[in-house]
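These notes are about the structure you will find just below.
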Amino acid sequence: MSREALAVRTWRLQEPIDLVRFAGPDGYLFARGGAGVAGRGEATRISRTDALADLRSIASDDTVKVPGSGAVAFAALPFEPGAPCRLVVPAVTVGSNGRGDHWVTVVGAPDELPEPPDLDLAPTDMADRAVNGPTGFDVRASRPPQEWCKAVDAATAAIRVGRLDKVVLAREIVVTADREIQVDAVLGRLARTYPGCYLYLVDGFCGASPELLVSRSGDVVTAQPMAGTAPRQGSAEADAEAAAALLASPTYRHEHQVTIDAVHDTLLRFSSYVDYEPEPSVVPLANVVHLATSVEGRLSHPPASVLDLVDALHPTPAVCGRPRENALALISELEDLDRRNYAGAVGWVDAEGNGEFAVAIRGAEISGRTARVIAGNGIVADSDPATELAETRAKLQAMLSAIVRP
């Protein structure tokens with residue numbers, strides 16, 4: 001059905017919907033702590049380049065009028081800058097914003113849109129799906145760890161001769177199960193283990209990202225760049241020591257500041273002002289701790305759309321390196337991997353240009369019995385390959401522990 005033949009209608013709900021359960025195994029999701037949006041079905045797909053115009057071309061009846069109501073498109077934008085991508089507009093979307101607003105949006109033929117009493121909002125049947133889940137798994141690195149460590153050595157050599165300052169190198173693990181991997185079960189486990197992360201699901205690409213790339217609500221822009229990671233140590237005392245060492249590390253603090261400066265300076269081009277916290281905070285997750293800093297500003301008018309902001313920010317030094325073009329070239333030379341959606345941007349946009357996008361890390365591409373899991377590390381001149389390998393293993397564990405459940 002052409003977009004010109006579509007209409008969108010949004011109604012207010014009195015109670016929130018469980019967004020993870022509503023998305024189910026094959027829906028769409030971007031949520032954190034019960035706030036966000038989730039969708040089912042597919043009304044249409046729209047091009048990345050014309051996304052806002054396409055959303056605005058759908059006739060809208062929206063009585064809620066908050067960011068995320070009305071027509072919403074979900075996207076998993078690839079890591080490669082400028083790579084083609086189509087966004088999906090679900091047939092039904094539900095949302096909550098954490099401030100007491102809950103809504104449902106339906107997109108379809110104008111004469112077929114249901115009234116709220118007839119709308120089926122029941123979640124996908126989740127009755128003990130684990131009973132029928134996989135019990136056997138084959139877990140293999142696509143590239144031997146020794147070869148990846150050699151790539152780290154080559155990267156540090158390139159950095160020491162001045163080719164670049166930093167590069168992020170990733171490695172891939174492929175999981176093959178004896179039965180279909182249940183995406184909704186994986187998301188449920190992630191929701192319980194990583195309640196402070198952004199849960200996402202777009203076309204089988206799912207995960208729990210700790211890092212907000214950018215959010216735009218009206219003229220308010222926010223981001224929370226992360227750079228600098230240490231594995232959890234297994235006890236409160238040891239974890240506190242690891243966090244203190246992370247904060248005190250000149251290498252990690254410099255790496256973190258470079259990422260903050262890149263985000264700040266980029267957003268400032270679109271804004272009347274931008275500011276960030278004077279000191280980074282330590283964000284503890286189940287498997288690692290990160291350095292993070294909140295950035296906030298006011299966009300100049302007319303405010304740039306969230307997609308314009310994503311294009312300007314991505315890829316940040318935290319997932320690519322610096323200088324950007326040199327890092328991209330070295331990634332292509334050394335990584336021996338097609339990242340596809342990994343380390344891209346995942347989130348949503350509405351017809352007003354509002355939206356939220358997280359950095360697409362701590363995720364997996366799941367299709368049938370196969371899951372593709374990737375994690376990467378920032379490499380600088382004094383990086384130690386064995387230490388970097390251990391850090392990737394800690395990051396990979398976030399998704400592997402949610403998938404591999406015999």
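The values are calculated or read from the model by the stated rules, or taken from the named source; none is laboratory data. Please read all numbers here as calculations on a predicted model, not as lab measurements. Cβ: placed from backbone, ideal geometry, glycine included. Neighbour counts: every protein chain shown.
Key figures for this structure:
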| quantity | calculated |
| --- | --- |
| Selected residue [of a type in the set (A, V, I, L, M, F, W, C), touching a Gly at 6+ places or on another chain (Cβ under 7 Å) and either under 19 Å from G353 (Cβ atoms) or assigned by TED's automatic domain parsing to the domain that holds L212 (or both)] from A71, A43, A75, A59 | A75 |
| Residue within region 348-365 that is within 21 Å of the chain's Cα centre (by Cα), under 30 Å from G162 (Cα atoms) and not aliphatic (A, V, I, L, M) present | no |
| Options V282, V274; residue that is part of a strand (DSSP E or B), over 16 Å from the mean Cα position of the chain (by Cα) and either closer than 24 Å to Y194 by Cα or without any contact (Cβ under 8 Å) to a residue 12 or more places away in the chain (or both) | V282 |
| Count of region 95-115 residues which are in contact with an Asp or Glu (Cβ under 9 Å, 6 or more places away or on another chain) and in a loop (DSSP other than H, G, I, E, B) | 2 |
| Exclusive hit being in contact with a strand residue (DSSP E or B) (Cβ under 7 Å, 6 or more places away or on another chain), under 16 Å from R171 (Cβ atoms) and crowded, with 22+ Cβ neighbours inside 10 Å, set A375, A318 | A375 |
| Residue in region 14-34 that is farther than 30 Å from E180 by Cα, among the basic types (K, R) and surrounded by 19 or more Cβ atoms within 10 Å (Cβ to Cβ) present | no |
| Considering residues of region 378-406 that are within 24 Å of V161 (Cβ to Cβ) and among the hydroxyl-bearing types (S, T, Y) only, the residue surrounded by the fewest Cβ atoms within 10 Å (Cβ to Cβ) | T387 |
| Matching residues in region 194-250 - criterion: being of a type in the set (D, E) and part of a helix (DSSP H, G or I) | E237, D239, E241 |
| Those strands (runs of 3 or more DSSP E) lying entirely in region 291-401 with at least 2 residues in contact (Cβ under 8 Å) with a residue 60 or more places away in the chain and touching a Leu at 6+ places or on another chain (Cβ under 9 Å) | 295-299, 345-350, 355-359, 370-379 |
| Region 205-260 - residue that is more than 23 Å from G321 (Cα to Cα) and β-branched (V, I, T) and, of those, surrounded by the fewest Cβ atoms within 10 Å (Cβ to Cβ) | V220 |
| Hits in region 162-184 - residues which are assigned to a strand (DSSP E or B), at pLDDT 95 or above, over 20 Å from Y200 (Cα atoms) and not aliphatic (A, V, I, L, M) | R171, T176 |
